[in-house]
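Here the structure is laid out as structure tokens; the discussion comes afterwards.
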Ligand SMILES: [Cu+2]
Ligand SMILES: [Zn+2]
């Protein structure tokens, strides 16, 4: 009887250990799957585009959009500008064919708001704002936002198929519909 009990106890103990091993394995597999799923949503998307001069300017430069963890970091580097403050916006079309850049259309405004300044009242999704070109005509602007993404297909966030425009003048953030920023001196299609 005692021997039988010892054997039964042994089996139970082994059973418990087996359960623990199986449970640990299940946890490990779950964590592994979780990590894999996570790494997929953390995937980085990168888009680098070049500006072409418009309105008889000599403006050149590049812009990069990097999407990571649900946010897009945008950096534009420009040269050949008139020293001073210039507006930069995302416009509604990726068509830079017109000599004056007008083919890119108006400001990208998928949420049907007024033109303005980000974070202050109403603003267009394309209202990046102003940046300053130094005495040599070089300027840089960067921002990180969760209001954009690259290629999700969500019309209120997806920047693909739009156009990036740099202006001769300054965005006053008030004038409608585009901040009275003047001629379009550079254009870049936001496409892959
Ligand atoms: Cu503009
Ligand atoms: Zn605008």
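A short reminder: the numbers here are calculations on the coordinates, not readings from a lab. Please read these numbers as outputs of a predicted model, since none were measured by experiment. Cβ placement follows ideal geometry from the backbone for every residue including glycine, while neighbour counts extend to all protein chains displayed.
Using R0 = 22 Å, the C-beta based FRET efficiency linking residue 52 and residue 118 works out to 0.30.
So for region 45-190: antiparallel DSSP bridges make up what percent, rounded to the nearest 5?
DSSP beta bridges in region 45-190 are roughly 100 percent antiparallel.
Using the C-alpha atoms of region 75-168, what convex hull volume per residue, in cubic angstrom, is computed?
101
With both labels modelled 7 Å from their Cα along Cα-to-Cβ, the residue 147 to residue 66 distance reads 2.2 nm.
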